[in-house]
Amino acid sequence: MKINEKMATPIEEKVDQNLKIRTGMVNVSDGKCKPEPLRLNLTMELVTLQRLEIVTPTNAQNGPPSESKERMVQITRQKQGGLGLSIKGGAEHKLPILISRIYKDQAADITGQLFVGDAIIKVNGEYITACPHDDAVNILRNAGDIVVLTVKHYRAATPFLQKQLAKDTPDSDNDTTCAELKADEGYKSSVNNGTISRSCSRPMSICSEPEKKWVDVVAVPLMMAYVTRYIYGTDKLRPNAFEVRGINGTSTGIIHCDDLAILSQWLKLINDNVVGLTHLQMKLYNRNFAVGERIEYMGWVNEGVINNNISWQSYKPRFLILKGTEVMLFETPPLNVAGLTKALVVYKVYQTMFRVVKESETVDSRQHCFLLQSAGHEPRYLSVETRQELLRIENSWNAAIVTSVIKLGRKTFAVSHHGKSGGLTLDWQTGFALAEGADSAIVWQYKFSQLRGSSDDGKSKLKLHFQDHETRAIETKESLL
């Protein structure tokens, strides 16, 4: 296959085992050096960059990998069979969490990247190396539908585990297996001498003819991935280029496409997969919450940050979540339900103003911007990559407002009306009411259906415009919050 080193090639599509795979040539750089041609391979869960290399084939193409290298493998949980693997070991036995069995044609087996003897180091970026066996089992069971495992092959244990498979040892008998493993002569010899058991090493190649093969350079998981065309931290748009960053810290580098049509197509395909996977994760989280507490939106935004040392603002990626009556900003996406408690910022939706910034009002070259302003806090200036994403946030915000109002039922805000202290009440059943004095005498009252508009000065003055049912005249009511 001849590689065009100057131009991106059209995207090709094929279906392999009911999985849609898209490929095409792109140029990739680190943002500093000259780009090199690589093949972009896109599946629903991963974007992978591959280099064409000349390799010597072996008889064991699907054998276990080197034990010195950590690998990241993404699994899609199946309704029947789950992740399709069993584990042994655990901190209570002073052993790593080891994959002891992989079930044929189930999720782990379908990846083709997991092996008996792999030690699981992380689950969705969270270390489990210090976990007892039962805790590791629970973490894997509750890790979601899309699970990213960081593994490292533990070759010293592989021969013993393979013998256990031959004996069909029950999966539940972890204590017995661990005791036998630690007593196994082959295992003890490998650990004590620091050598690798020869019995499971790959056989030497018997074929001397070299061949060309696509070799993975980097694979980035798309669940809750960050896709951007901007130079990191700035408002400068990259010409004909973009970057994808995974929640595990991996990056594609800067992907260059000189053809704008191909660039737009790749961005749409990748963003569609990110949105789809993030929506699946959102549904998984929502299983834990009642209707009024569920997540309406999850996705990346960029926050403008003013630095006193420079005359312009820089940008930091934030992960925005609208959940129940709250809007939250995170430095990194929460990897489980417990992570939802670790937000950088939490505002109440009903106490926060959401406003889309007009193009004529943007402070720099960033487009698709909006403001979040909550009482007692500095406004937050945020932007997203596309108009479609901004509309998704705006629609989700409106849904969150409705959820908040229904859940609150009734809320009274302290106000000043014609120089007198009072309370402005919003009631889901009766509408708006203003009361004054110690006896809370009602000054005026209107239904929600009578509201025709509202305005404010961005500080403390609020105007509400109601229509009288009988005269049809518009009446304006003004208060200071």
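Quick note: the coordinates plus some simple rules give every number you see, no bench work behind them. This is a predicted model, so every value here is computed, not measured. Heads up, the Cβs are rebuilt from the backbone with ideal geometry, glycines too, and the neighbour counts pull from every protein chain shown.
The simple spin-label model puts a point 7 Å past each Cα toward its Cβ; for N288 and S460 those points are separated by 4.2 nm. Between R452 and D258, full extension at 0.36 nm per residue minus the direct alpha carbon distance yields a gain of 64.8 nm. Here's how it looks for I121: its modeled amide H is under 5 Å from those of T150, V151, K152, which are all 5 or more places away or on a different chain.
Applied to the stretch 223-229, the Karplus parametrisation 6.51 cos²θ - 1.76 cosθ + 1.60 on θ = phi - 60° returns per-residue 3J(HN,Hα) values of 4, 6, 6, 10, 10, 8, 9 Hz, with x for Gly and Pro. In order along the stretch 256-268, phi translates into HN-Hα couplings of 9, 9, 6, 8, 4, 5, 5, 4, 4, 5, 4, 4, 5 Hz, rounded to whole numbers, per the Karplus curve 6.51 cos²θ - 1.76 cosθ + 1.60 with θ = phi - 60° and x for Gly and Pro. For the pair V15 and L52 in one chain, pulling the backbone fully straight at 0.36 nm per residue adds 11.2 nm over the alpha carbon distance. Rounded to the nearest whole Hz, the Karplus-based 3J(HN,Hα) values (6.51 cos²θ - 1.76 cosθ + 1.60, θ = phi - 60°) of the stretch 129-138 follow the sequence 5, 9, 8, x, 4, 5, 5, 4, 4, 5, with x at glycine and proline. Residues whose amide H falls under 5 Å from that of D258, counting only those 5 or more places apart or on a different chain, are A8, with hydrogens built in the peptide plane. Between A338 and K79, residue separation times 0.36 nm minus the direct Cα-Cα distance comes to 90.9 nm. The amide H of E475, built 1.01 Å from its N in the peptide plane, has F466, Q467, D468 as neighbours under 5 Å, considering only residues 5 or more places off or on other chains. The simple spin-label model puts a point 7 Å past each Cα toward its Cβ; for I231 and Y127 those points are separated by 3.6 nm.
R0 = 25 Å: FRET efficiency of C33 with N240, Cβ-based, nearest 0.05?
It comes to 0.90.
Each peptide in 285-298, 108-121 gets a packing score, the mean of other Cβ atoms within 10 Å over its residues, and the list from highest to lowest is 108-121, 285-298.
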